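Chemist: Sharing a structure here in structure tokens format.
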Amino acid sequence: MPKQFTSILFLSFIISVSCTKEKQITAVDEAPFQAILDQKSKSLQVKRPGNEVGYGLYIKGEHLDLYVTTGLPDANQENIHFRGASSTKTFIAAAILKLQQLGKLHIDDRLVDSIPGTNETYLPNTPAYAVPYKEVITIRQLLNHRAGVFDVTSTPILSTVDAPYAGENYVSYLQGVKGQTHTFTFEEMIAVVSKHKLSYFVPNTAFHYSNTGYNLLAVIIKRVSGKPLHQFLQEEFHTLDMKDTFFPPYSLDNVSSAVSEGNIVTTPKDLSTWVYHLCASQKVLNEQYLQEMIAIIPTEEQYVIYGSGGASPVYISTMRYHPGTKKTYMVFSKHLGDDDFKQQADDMEAIINAAIKEVEVNSL
């Protein structure tokens, strides 16, 4: 399985800032956006001759909903369902900040601290949850991938470990033993880290993407809210008119090992709607906690944008919110280039940057 995107909503990209006041839009010339997609789709079409491969671009603002495609089948429009993969993490992060906004947790608390108003700790006090450095890891560090939590879904288990899966990917190993339909649990995944004392580094000394860290966040959401993860997410964010988005516990594409970090089923329209309301309308978080979520980290991107991406064995998507134009830009493809994943990701980022520029030039 290809590695999932490593940009999440807690990472923001900054080089230049532009300010464009959004206006009422009655009609939009789609041709410039179509040209952007046509140009970037050529490389995909060369690699997959005779196949319908390309990109879809969804741009959403208060007065703008625009979707254009090139190379994709007619059925692959703005309401096509696909697995959003790591885009799920934006919902997990928003859920944690929502619980803080409600006064039910504090993201600078340690994992061994008590949930406000209770005698229960954020994580169970059991051997399965005895991850290394548990006594000093904070919720914020989990959110920012700075807790050093070993990721059992993407890093092979150390060869020095005394276990039959030593040197192997734990998920692949267990599916080989118990079958592809084996349903993983959070406790099962986390227990591997705890049992073998696996860690990347001392907390808050470095950055390492960790899906297992987001497993811990999902456990925290359930313990604090008193609801199963999928129920809390559906109920808390149901007012956003995202009727085609859900978090299935299981399907023919078994992602039970990625429930908290890669399980979302959504559409280009819904994913754009989510990011817009998360970053622009304050229907998800108020301004204080939104700022907690989008703490700025300088990189070499062309614009100040906030966003995430996701990749599954078939689909790949990238979503960004650009505060200068007050719009969401979402790029989607039904083809994932295993042989040149980075180039495809770069092309999708380039589509977004070109679309932002076009919106700025035309004051849309």
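Chemist: Identify, please: which residue in region 197-218 is surrounded by fewer than 20 Cβ atoms within 10 Å (Cβ to Cβ) and out of contact with any strand residue (DSSP E or B) (no Cβ under 9 Å at 6 or more places or on another chain) and is, among those, nearest to residue 142 (Cα to Cα)?
Modeler: Going through the qualifying residues, I end up with 207.
Chemist: Still on this structure, please answer the following. Considering only residues that are outside any helix (DSSP H, G or I) and closer than 20 Å to residue 215 by Cα, which ones fall in region 169-179?
Modeler: The answer is 169, and nothing else.
Chemist: Among the residues that make up region 129-140, is at least one of them on the phi > 0 side of the Ramachandran plot, in contact with a Gly (Cβ under 8 Å, 6 or more places away or on another chain) and either at pLDDT 95 or above or not assigned by TED's automatic domain parsing to the domain that holds residue 172 (or both)?
Modeler: Yes, there is a match, as at least one residue in region 129-140 is on the phi > 0 side of the Ramachandran plot, in contact with a Gly (Cβ under 8 Å, 6 or more places away or on another chain) and either at pLDDT 95 or above or not assigned by TED's automatic domain parsing to the domain that holds residue 172 (or both).
Chemist: Exactly one of (1) surrounded by fewer than 21 Cβ atoms within 10 Å (Cβ to Cβ); (2) in contact with a Gly (Cβ under 9 Å, 6 or more places away or on another chain); (3) at pLDDT below 70 is unmet by residue 265. Its number?
Modeler: (3)
Chemist: Suppose we filter 95, 85 for residues that are at pLDDT 90 or above and touching a Phe, Trp or Tyr at 6+ places or on another chain (Cβ under 8 Å); which single one remains?
Modeler: Answer to the check: 95.
Chemist: Say we look at region 150-208 and pick out the residues that are hydrophobic (A, V, I, L, M, F, W, C) and without any contact (Cβ under 8 Å) to a residue 24 or more places away in the chain; which of these is nearest to residue 124 (Cα to Cα)? Can you show your working first?
Modeler: Within region 150-208, the first condition is being hydrophobic (A, V, I, L, M, F, W, C), and the residues that meet it are 150, 152, 157-158, 161, 163, 166, 171, 174, 177, 184, 186, 189-193, 198, 201-202, 206-207.
Restricting the remaining residues to those that are without any contact (Cβ under 8 Å) to a residue 24 or more places away in the chain gives 166, 174, 177.
Values: 166: 26, 174: 24, 177: 28 Å.
That would be 174.
Chemist: Quick one: count up the residues across region 31-87 that are closer than 30 Å to residue 211 by Cα and in a strand (DSSP E or B).
Modeler: Count: 10.
Chemist: Also, I was wondering about something else. Exactly one condition in (1) closer than 21 Å to residue 136 by Cβ; (2) in a loop (DSSP other than H, G, I, E, B) is false for residue 156; which is it?
Modeler: (1)
Chemist: Quick one: in region 175-195, which of the residues that are out of contact with any Leu (no Cβ under 7 Å at 6 or more places or on another chain) and at pLDDT 95 or above is surrounded by the most Cβ atoms within 10 Å (Cβ to Cβ)?
Modeler: Step one: filter region 175-195 for residues out of contact with any Leu (no Cβ under 7 Å at 6 or more places or on another chain), giving 175-181, 183-189, 191-195.
Of the ones still in play, those that are also at pLDDT 95 or above are 191-195.
On the way: 191: 18, 192: 20, 193: 26, 194: 18, 195: 14.
The selected residue is 193.
Chemist: Which of the residues spanning region 331-364 are hydrophobic (A, V, I, L, M, F, W, C), under 17 Å from residue 33 (Cβ atoms) and either at pLDDT 90 or above or part of a helix (DSSP H, G or I) (or both)? Lay out the reasoning, then the answer.
Modeler: Step one: filter region 331-364 for residues hydrophobic (A, V, I, L, M, F, W, C), giving 331-332, 336, 341, 345, 348, 350-352, 354-356, 359, 361, 364.
Those still in the list that are under 17 Å from residue 33 (Cβ atoms) too: 331-332, 348, 350-352, 354-356, 359, 361, 364.
Listed by number, the residues that qualify are 331, 348, 350, 351, 352, 354, 355, 356, 359, 361.
The values are calculated or read from the model by the stated rules, or taken from the named source; none is laboratory data. Worth saying up front: this structure is predicted, and the values here are computed from it rather than measured. All Cβ positions, even for glycine, are placed from backbone atoms using ideal geometry, and neighbour counts span all protein chains on display.
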